[in-house]
Amino acid sequence: MPSESKNADPFRTLKWSDLQTWAGEKATAKGMKYQDEERVKEIKQTPEGSLIARVQGTKTYFTEVSLENGELSSTCTCPVEHDCKHGVAAVLEYLELAEQGEEVPVASEGDPLIIMARQGSALKVGEPRDSYQVFRTELREYLEQMEKEELIDLLMNLSDRDSLLTRHLQDMLNLASGDTEETVGNIYSELEELWEEARSYDYRDYDSPVPDFSDLRNRMENLLDAGYADEVADLGMRILEGYEEIAPYDEEGDIGMKIGGCMEVVIKALLQPGSPAHERMLKVLDFELKDECGIFDGEAFWNSDFPVEEWSSFSEILKDRLDASDSGKTPSYSDWDRKQLVKRLALALEKAGNYEEAISLCEEEVEAGEDWSYIRLIKVLLAAGQKEKAEEWIYRKIKETRKSSPETAYELFRILLEIKEKEENWLFVAALHAEEFFRYPSLQFYIGLRESAKKAGVWEKVRKAIHEYLESGNLPADRARPGEEPSSLPGVLPKTGLTDRDSFKKIDALDLELLIDIAIEEKNPDEVARWYNKLKIRRKKGEDRYFTRREKIARTVQEKYPEIAIDIWKTIAEELISRTKVDAYESASIYLRMVRNAMEAGGQKAEWESYFREIREKNKLKRKLLEILDMLGKDRIIGE
């Protein structure tokens with residue numbers, strides 16, 4: 001983009017607000033820090049006018065930033081993948097060089113920096129699928145035109161710049177030669193390094209990086225692609241064993257979520273048809289028995305299609321194991337392990353078509369008081385075409401478990417809903433949804449009730465009753481005579497046989513927060529403003545300690561009632577500033593910028609400037625805050 005006219009370069013006209021709008025306050029602040037720490041190691045322009053850069057973060061990342069029609073966008077090889085701090089750092093580095101009069105080189109076609117910046121095994125967030133496929137097609141066409149020596153030079157050049165690529169190429173060479181021992185050994189070594197990082201991770205420390213298992217996952221994928229499914233499964237078991245030590249310290253589950261990605265590869269490996277399906281079923285069961293933290297989700301495996309005879313073989317093995325344990329021939333299973341075996345046996349019998357045996361097993365477990373068995377029994381009955389008997393069990397067990405096991409009762413209730421939805425009995429479905437709503441008033445259940453009541457053609461009547469209940473606390477009148485079955489909404493919805501009006505929630509005062517949630521969801525700024533003003537009065541009286549939903553309220557009313565939005569954003573910003581933490585300052589500047597934009601749009605520029613000076617004066621000793629506020633007060637990043 002360097003040209004004879006500086007004004008022809010759109011990047012030079014960027015404002016701080018442009019960066020903040022594009023990447024957000026936090027990414028902008030962190031990008032400033034990265035650029036200041038000289039983490040932008042290489043930067044060029046593309047022939048099309050975008051910026052490409054190599055930025056040193058926790059690893060080396062490659063980013064590309066475009067500016068089209070005044071709007072910034074970027075992609076990156078980092079976990080965030082787009083509009084991140086690495087892109088911000090690249091823009092600031094470019095502008096600093098431009099201000100100093102230094103020319104940024106233009107990358108030639110096929111430059112490794114361009115290729116690295118545009119690499120990626122997945123579609124970037126926000127990028128249209130077509131554009132990604134176009135890029136892959138163009139890249140393939142370009143590479144196909146290169147000579148063998150040129151391709152070799154390109155790969156060698158790229159591997160020099162990217163240690164991750166070097167590692168994958170080394171794995172590829174080893175696996176291609178049949179030498180898996182070194183590759184697998186290196187993967188285990190990498191796993192041990194990750195455990196060392198995990199032991200020092202502190203979720204309470206904002207700057208403490210979560211161990212990144214993405215490279216390990218990629219290497220497991222490579223191993224699987226090369227046909228080594230058993231080795232991948234062995235790695236998965238080692239990961240589960242290692243996580244047992246880490247789990248007590250992973251209080252927020254951050255590391256567990258990262259490991260979950262590796263477990264997905266293990267599931268793929270266990271789905272590979274290299275060995276009989278029943279043997280792989282046993283391996284998955286071993287994983288489930290080993291997993292005490294819920295990071296191995298085998299449902300994708302169990303929901304796959306396997307031959308009936310494989311399910312039958314699996315069921316016979318499980319029966320033999322249980323018989324041997326019960327007779328004392330083998331050590332007894334723990335209660336947890338036995339439950340898992342029986343659950344999988346019930347599933348296997350159902351999948352094998354042995355419905356009577358599956359029903360008998362589940363009925364035995366029901367009589368033994370095992371809550372899980374109610375659900376499996378009903379599913380087996382439905383699979384066997386015994387819908388009436390399934391509904392009998394549903395009604396019986398909902399009434400029995402409502403107080404002793406509400407989670408089980410609720411799951412049974414949802415199954416009944418699914419049955420009635422398949423029948424398209426929308427009045428009955430609406431009646432069930434109404435009972436659900438009156439028992440647990442929430443936006444989620446309100447939406448479910450609304451959808452079914454609309455299909456049944458009774459929504460207006462139902463909505464009127466719901467709002468009267470939320471505004472006055474009055475439940476719909478119960479017209480049932482003594483001994484007669486009640487209805488959740490007499491005269492509008494049918495009786496379900498499950499209505500327990502004593503379980504309906506009693507509301508003593510306006511449920512303002514739910515009324516606000518509903519008004520926001522229905523995009524009704526008048527109602528949002530009405531209920532918000534009442535909520536403010538309640539808050540002033542000290543009756544509402546947890547004053548939530550403010551951001552959604554502000555977004556809903558900002559066009560029609562900007563004064564409410566401005567008041568909310570000011571309050572949030574001032575609360576964040578009072579925390580005296582850098583990340584809170586960064587968040588506060590987001591809300592202050594929204595205050596500024598709204599006030600200036602409403603002809604209150606002088607009032608904004610006065611308020612902004614007041615904020616600075618009150619916090620003049622908070623140096624980090626003032627640095628962040630400087631971006632808010634400035635216009636251009638670099639001078640004219």
Tell me which trypsin sites (Lys or Arg not before Pro) from the stretch 496-532 have a DSSP coil assignment and no more than 15 other beta carbons within 10 Å of their own.
LYS505, LYS506, LYS523
Under 18 Å from the Cα of LYS461, which lysines turn up, not counting those fewer than eight places away in the same chain?
LYS495
Cut-off 11 Å between beta-carbons: net charge of the residues surrounding ALA107, Lys and Arg +1, Asp and Glu -1
-4
For GLU99 and GLU193, what is the calculated FRET efficiency with R₀ set at 56 Å and r taken between the beta-carbons, to the nearest 0.05?
0.85
Run down the aspartates and glutamates and flag those whose C-alpha is under 15 Å from the C-alpha of LYS329, throwing out any fewer than 8 positions away in its chain.
ASP320
Amide H of ASP212 versus every other amide H placed in the peptide plane: which residues, excluding those fewer than 5 positions away on the same chain, fall under 5 Å?
none
Tell me, what HN-Hα J-couplings in whole Hz come from the Karplus equation 6.51 cos²θ - 1.76 cosθ + 1.60 at θ = phi - 60° for each residue of the stretch 243-256, using x for Gly and Pro?
5, 4, 6, 7, 3, x, 9, 8, 5, 8, x, 4, 6, x
For the stretch 400-407, Karplus-derived ³J(HN,Hα) couplings (6.51, -1.76, 1.60; θ = phi - 60°; whole Hz; x for glycine and proline) come out as 6, 9, 3, 9, 7, 8, x, 5
For the chain, share of DSSP beta bridges that run antiparallel, in % to the nearest 5:
95
Give me the Debye-computed log₁₀ of I(q)/I(0) at q = 0.15, 0.17 Å⁻¹ for the stretch 317-368, equal point scatterers on Cα only, no solvent, two decimals.
-0.41, -0.52
Compute, for the chain, the length of the dipole vector about the Cα centre, with Cβ point charges of +1 (Lys, Arg) and -1 (Asp, Glu) only. Units Debye, rounded to 20.
3740
On the formula 1/(1 + (r/R0)^6), with r taken between the Cβ atoms of GLU279 and THR21 and R0 of 56 Å, the FRET efficiency rounded to 0.05 is 0.50
So how far apart, in nm, are the two label points at ARG613 and GLN170 if each is 7 Å from Cα heading toward Cβ?
6.2
ASP230 accessible area, nearest 10 Å², 1.4 Å probe?
90
Using the Kirkwood formula over every pair of different C-alpha atoms, what hydrodynamic radius in Å results for the stretch 411-471?
11.5
What is the stretch 10-120 by shape, rounded, prolate or oblate, if you read a ≥ b ≥ c off the alpha carbon gyration tensor as root eigenvalues and call it rounded for a/c under 1.5, prolate for a/b larger than b/c, and oblate otherwise?
rounded
Summed residue charge, Cβ within 12 Å of ASP297's Cβ, Lys/Arg positive, Asp/Glu negative:
-4
Using 7 Å Cα-to-Cβ label points, what is the SER214/LYS387 separation (nm, one decimal)?
4.8
Phi-derived 3J(HN,Hα) across the stretch 418-429 with the Karplus relation (6.51, -1.76, 1.60, θ = phi - 60°), rounded Hz, x for Gly and Pro, is 4, 4, 6, 5, 5, 7, 6, 8, 5, 5, 5, 4
Summarise the accessible area of the stretch 440-484 (1.4 Å probe, protein heavy atoms) by the percent that is carbon and sulfur.
46
For the pair ARG238 and SER405, how long in nm is the line joining their label points, each one 7 Å along Cα→Cβ?
4.0
Place +1 on the Cβ of every Lys and Arg and -1 on the Cβ of every Asp and Glu in the chain, take the dipole about the Cα centre, and give the residue among TYR355, TYR532, LEU377 whose Cα lies farthest towards its positive end.
TYR532
Which residues' amide hydrogens lie under 5 Å from the amide hydrogen of GLU42, considering only partners 5 or more residues apart or on another chain, with H built in the peptide plane?
ARG54
Loop-only check: which trypsin sites (Lys or Arg not before Pro) in the stretch 189-268 are DSSP coil with at most 15 other Cβ within 10 angstrom?
ARG204
Compute the length gained on full extension between GLU309 and GLN119: take 0.36 nm times their separation in residues and subtract their Cα-Cα distance, giving the result in nm to one decimal.
63.9 nm
Note down the net charge around SER214, summing +1 for each Lys or Arg and -1 for each Asp or Glu among other residues with Cβ under 11 Å from its Cβ.
+1
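The values are calculated or read from the model by the stated rules, or taken from the named source; none is laboratory data. Values in this document were obtained by computation on a predicted structure and should not be read as measured data. A quick note on method: Cβ atoms are made from the backbone with ideal geometry, for glycine too, and the neighbour counts reach across all protein chains shown. Note: accessible area is taken over every heavy atom of the protein model, side chains too, but ligands, DNA and RNA are not part of it. Shrake-Rupley method; radii C 1.70, N 1.55, O 1.52, S 1.80 Å.
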